[in-house]
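Only one structure is covered here, and it is reproduced in the block below.
Read the figures in this text as sums done on the coordinates, not as results from a lab. Here the structure is a predicted model, which means the values were calculated and not measured. Here Cβ is always computed from backbone atoms with ideal geometry, including for glycine, and neighbour counts include all displayed protein chains.
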Amino acid sequence: MIIGIDIGGTTTDIVGLNNGQILNPVSVKADDPITSAAGALGKFVEMVDLPLSEIEIIAATGVGSMQIKDHLLGIPIKKIDEFDSIGTAGAYLSGLDEAMVISMGTGTALVHVNNGGIKHWGGSGVGGGTMVGLSRKLLNITTIRTLMDKASKGRLGMIDLTVGDIAGGGLIDLPESATASNFGKVSDEATDSDIALAIINLVGQTIAILGISAARAERVNDIVLTGKLSIIPLIRKVVDGVGALYKVNFIVPGYAEFATAIGAAIKAQA
Ligand SMILES: Nc1ncnc2c1ncn2[C@@H]1O[C@H](COP(=O)(O)OP(=O)(O)OP(=O)(O)O)[C@@H](O)[C@H]1O
Ligand SMILES: [Mg+2]
């Protein structure tokens, strides 16, 4: 069995890979890299009831993997480049040969995969960390769940400026509902719910537009979303809204939230 472990900016994910089968993906909070890696491994072997001796190798990736030595609890570590992991997983989980893969984590990374070729295309600091940080300072909200609960009753019209607001209607290729400026029309009457939704909208729209721009530049048709943000329903809704406007289909494959750890394990096996 090969273990894939992604020590990210917020969470550490771990997954088993046994003869091509994905086994028991789990997440722990990323404290310091070594503690969270050891903790994730402990949790994993406890859950699957597996002796450590059954693990051949640990494939480690993510920002925290730099700080891990060459063994963890006696098991050899193979370090795998994070962008290779993202690209490998995006293609494997979606079954596509070519795609723009977006890792929607604490930050955002874009990886272009093309028939096994993997290229780090670019990225953005606007991501899940932005959503959490703005929510904490603007709303005193510290959990994703509370943020989503609040946002479910939010009204974007109290915060965001639309094309219709400035143009008085739609433009040739933009409907009046398209965003002209995120937070460009903050009303004094805006509630916490309105702000919560606007934060999610800002982050989701920025990532979606970046992905579409990258895909267009590379003439790629499919955009695959991975990372923990990709499975949040309200983020999906925002991203799909941008997709509808630009006639682009975003794909969220199974296990998207564990993709980077899975990609590392696949890469280590190859
Ligand atoms: N259960 C959760 N725990 C932590 N963060 C969550 C959770 N659900 C959603 N999120 C959001 O997902 C983000 C973290 O995503 P993910 O775990 O994919 O990133 P990461 O691997 O830690 O970071 P990066 O890949 O950028 O280094 C958080 O910033 C938060 O906005
Ligand atoms: Mg990650």
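Here are the numbers:
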| item | result |
| --- | --- |
| Share of alpha-carbon pairs per 5 Å distance bin for region 42-111, given as whole % | 3, 14, 19, 18, 18, 17, 9, 2 |
| Debye-sum result for region 96-252 in log10 I(q)/I(0), which assumes one identical scatterer on each alpha carbon, at q = 0.12, 0.13, 0.14 Å⁻¹ | -0.53, -0.61, -0.70 |
| Debye, to nearest 20: dipole size of region 96-252, +1 on Lys, Arg Cβ, -1 on Asp, Glu Cβ | 400 |
| Computed over region 182-270, the ratio Rg/Rh where both radii use C-alpha atoms and Rh is Kirkwood | 1.07 |
| Per-residue HN-Hα couplings for region 149-159 [Karplus 6.51, -1.76, 1.60; θ = phi - 60°; Hz; x = Gly/Pro] | 4, 4, 5, 4, 9, x, 10, 5, x, 8, 10 |
| Percent antiparallel among DSSP beta bridges (both partners in the chain, rounded to 5) | 70 |
| Computed magnitude of the charge dipole of the chain (debye, nearest 20; Cβ of K, R +1, Cβ of D, E -1) | 200 |
| FRET efficiency for Lys153 and Asp97, using Cβ-Cβ distance with R0 set to 41 Å, rounded to 0.05 | 0.45 |
| CD proxy at 222 nm, helix term only [per DSSP H run n ≥ 4: -39500 (n - 2.57); per residue of the chain; nearest 500] | -12500 deg cm²/dmol |
| Flagged links, alpha-carbon separation over 27 Å, of Lys69/Lys137; Lys153/Lys228; Lys29/Lys185; Lys247/Lys267; Lys79/Lys137 | Lys69/Lys137; Lys29/Lys185; Lys247/Lys267; Lys79/Lys137 |
| Cα-only Debye scattering, region 28-184: base-10 log of I(q)/I(0) at q = 0.17, 0.18 Å⁻¹ | -1.18, -1.22 |
| Label-to-label distance, nm, for residues given as Thr143 and Val186 (7 Å Cα→Cβ offset) | 2.7 |
| Positive-end residue, the chain charge dipole about Cα centroid, Cβ charges, pick of Thr11, Val186, Asn221 | Val186 |
| Among Asn24, Gly105, Thr88 the positive-end extreme of the charge dipole of the chain (Cβ point charges) | Gly105 |
| Label point distance in nm, Asn249-Met66, each placed 7 Å from Cα along Cα→Cβ | 3.9 |
| Pairs of Cα atoms farther than 29 Å apart, the chain, % | 36 |
| Under 5 Å, built H, 5+ apart or other chain: amide partners of Gly123 | Leu110 |
| Equivalent ellipsoid semi-axes, region 126-191, via Cα gyration tensor eigenvalues times 5, rooted, Å | 27, 13, 10 |
| Highest average packing first - 165-171, 32-38, 138-144, 255-261, Cβ atoms within 10 Å | 255-261, 32-38, 138-144, 165-171 |
